[in-house]
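I have placed the structure first, in the form of structure tokens, so that the comments after it can refer back to it.
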Amino acid sequence: MRESILRPMTPADLPAVLGIQAQCYRGTLHESGAALASRLALSPATCWVAAPAGRPEALAAYLFTHMWPQDSLPPFDGLLARHWDGGELTWFVHDMAVAPAGQGQGLALRLWQAARAAALDAGLCSSRLVAVQSAAGWWGRLGYQQIAPAGAALSAKLAAYGDDAVLMEREV
Ligand SMILES: CC(C)(COP(=O)(O)OP(=O)(O)OC[C@H]1O[C@@H](n2cnc3c(N)ncnc32)[C@H](O)[C@@H]1OP(=O)(O)O)[C@@H](O)C(=O)NCCC(=O)NCCS
């Protein structure tokens with residue numbers, strides 16, 4: 001297996017990202033290209049990909065993260081825009097996926113560390129995510145802990161990520 005090189009995601013990566021999404025998630029968790037493109041446009045510095053050395057177009061893994069109001073949750077498969085005005089922001093880790101051939105080599109951790117450095121540069125202090133497909137254990141190894149959604153509106157948004165969705169938090 002070739003060494004993987006990490007770099008910030010660009011819009012040209014989105015077709016390959018959609019291919020990895022199709023391999024890694026059950027159908028009800030597939031998000032549209034437009035929804036993912038809006039996340040990249042919101043925060044290009046905190047969205048990263050990994051590709052084999054010498055083959056920058058052949059993605060092995062991707063990670064979407066962006067800032068978001070701490071007391072809210074981005075809508076699953078929705079188009080995001082920067083519409084907040086004041087209030088606490090969190091580093092929202094939206095979607096991490098490693099293509100099956102690249103799993104188990106530490107790629108996810110490396111992507112998270114790269115994006116985290118950008119989140120720290122942006123001055124973010126807390127991080128939140130929604131764990132799906134039983135990945136809460138993996139995030140727990142990074143220090144994320146389950147928290148209860150505060151209020152009915154947040155609970156409804158969390159439910160849109162699926163019955164098994166778990167809201168988690170840690171310091172950046
Ligand atoms: C979860 C995922 C991102 C981990 O990527 P990865 O690059 O293989 O992770 P790493 O190499 O850093 O870590 C591998 C370790 O995590 C463990 N692991 C993998 N998936 C896990 C899960 N769902 N829950 C708990 N541990 C998990 C592996 O068993 C391995 O353990 P080991 O180090 O003791 O051998 C990857 O398995 C994946 O893309 N899964 C499908 C998409 C998904 O569910 N994403 C998370 C949505 S919140």
Nonlocal amide H pairs with Met67, under 5 Å, H built at 1.01 Å: Phe92
Cα-based radius of gyration of the range 1-52 once divided by 2.2 N^0.38 Å, which approximates compact folds: 1.18
Estimated translational D of the chain in µm²/s (Stokes, Kirkwood radius over Cα pairs; 10 °C; 1.306 mPa s): 98
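Which whole-number value in Å² is the accessible area per residue of the chain, probe 1.4 Å? Don't skip to the end; give the middle numbers.
Working: 8140 Å² over 172 residues.
Each residue of the chain exposes 47 Å² on average to a 1.4 Å probe.
Check each of the trypsin sites (Lys or Arg not before Pro) in the range 100-172 and keep only those in coil by DSSP with at most 15 other C-beta atoms within 10 angstrom; list them in order.
On the way: sites: Arg110, Arg116, Arg128, Arg141, Lys157, Arg170; in loops: none.
For trypsin sites (Lys or Arg not before Pro) across the range 100-172 that sit outside H, G, I, E and B with at most 15 neighbouring Cβ atoms in 10 Å, the list is empty.
Quick one, what does Rg over Rh come out to for the range 61-138 if you take C-alpha atoms and the Kirkwood Rh? Walk me through the numbers before you get to the answer.
Numbers: Rg = 13.4 Å, Rh = 13.7 Å.
Rg/Rh for the range 61-138 comes to 0.98.
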Degrees, to the nearest 10: 33-42 long Cα axis against longest axis of the chain: 80
Integer Hz, Karplus 6.51/-1.76/1.60 couplings in order for the range 116-125, x for Gly and Pro: 4, 4, 5, 5, 5, 4, 7, x, 7, 10
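The values are calculated or read from the model by the stated rules, or taken from the named source; none is laboratory data. If you're wondering where the values come from, they're calculated on a predicted model, not measured in any experiment. In this analysis, Cβ positions are derived from the backbone assuming ideal geometry, glycine residues included, and neighbour counts consider all displayed protein chains. To get the accessible areas, we keep the full protein, side chains included, count just its heavy atoms, and leave off ligands, DNA and RNA. Shrake-Rupley method; radii C 1.70, N 1.55, O 1.52, S 1.80 Å.
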